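J.: Structure in structure tokens, see below.
The values are calculated or read from the model by the stated rules, or taken from the named source; none is laboratory data. From a predicted model like this one, the values you see are computed outputs, not experimental measurements. Cβ placement follows ideal geometry from the backbone for every residue including glycine, while neighbour counts extend to all protein chains displayed. The accessibility values were calculated without ligands, DNA or RNA, using every heavy atom of the protein model including side chains. Shrake-Rupley method; radii C 1.70, N 1.55, O 1.52, S 1.80 Å.
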Amino acid sequence: MSIRIVRLGTARAAGEGLRIGTVRRPPRGVPKNKFAKRDFYDVWLPNLAPSEALLKAGQAATDDHAWKTFERRYRAEMKQPDAAHLLDTLAGLSRQTNFAVGCYCENEQRCHRSILRVLLAERGAEIG
């Protein structure tokens, strides 16, 4: 059992399980009833997405210093009680069932999902 960290909108892996979208906004131009069918997500969980202001800062991060600043600020957001409880829940679920979390960004290394991967691992999540 494990969590897969994925790019939303890509083909699902065999046995991936439920796909959770940790994004601020739903996919543009896609009807709500097509989100899962088009491999975006089954469940939307914007609570684990960066805040709107931080999302813009992350998208504008063009160097390592700016990215480290984004990472520090995103980690601070994820320390808030509601986000921390969700991360703990997902880490626990990863030991019971397969599922995926993801974002739209093409480059995982410059996406909050790379930080989510670490945050979940720090909580003992099984990551596949």
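J.: Considering only the stretch 107-124, I want to know if a residue exists there that is within 16 Å of I3 (Cβ to Cβ), touching a helix residue (DSSP H, G or I) at 6+ places or on another chain (Cβ under 7 Å), of a type outside the set (A, V, I, L, M, F, W, C) and open to solvent by 60 Å² or more (accessible area, probe 1.4 Å).
T.: For the stretch 107-124, residues within 16 Å of I3 (Cβ to Cβ), touching a helix residue (DSSP H, G or I) at 6+ places or on another chain (Cβ under 7 Å), of a type outside the set (A, V, I, L, M, F, W, C) and open to solvent by 60 Å² or more (accessible area, probe 1.4 Å): present.
J.: Moving on. Could you go through the stretch 98-106 and let me know if any residue there is open to solvent by 80 Å² or more (accessible area, probe 1.4 Å) and touching a strand residue (DSSP E or B) at 6+ places or on another chain (Cβ under 8 Å).
T.: The answer is yes; a qualifying residue exists.
J.: In the stretch 61-69, is there at least one residue being crowded, with 16+ Cβ neighbours inside 10 Å and under 23 Å from A100 (Cα atoms)?
T.: Taking every residue of the stretch 61-69 in turn, none turns out to be crowded, with 16+ Cβ neighbours inside 10 Å and under 23 Å from A100 (Cα atoms).
J.: Going through A91, A84 one at a time, which residue ends up being touching a residue at least 12 places away in the same chain (Cβ under 8 Å) and among the small types (G, A, S)?
T.: None of the others qualify; the one that does is A91.
J.: Still on this structure: Which residues, taken from the stretch 1-60, are open to solvent by 50 Å² or more (accessible area, probe 1.4 Å), among the aliphatic types (A, V, I, L, M), more than 23 Å from A84 (Cα to Cα) and without any contact (Cβ under 8 Å) to a residue 24 or more places away in the chain?
T.: Hits for the stretch 1-60 are A14, A60.
J.: Whether any residue in the stretch 75-86 is part of a loop (DSSP other than H, G, I, E, B) and under 13 Å from I3 (Cα atoms) is what I want to check.
T.: no
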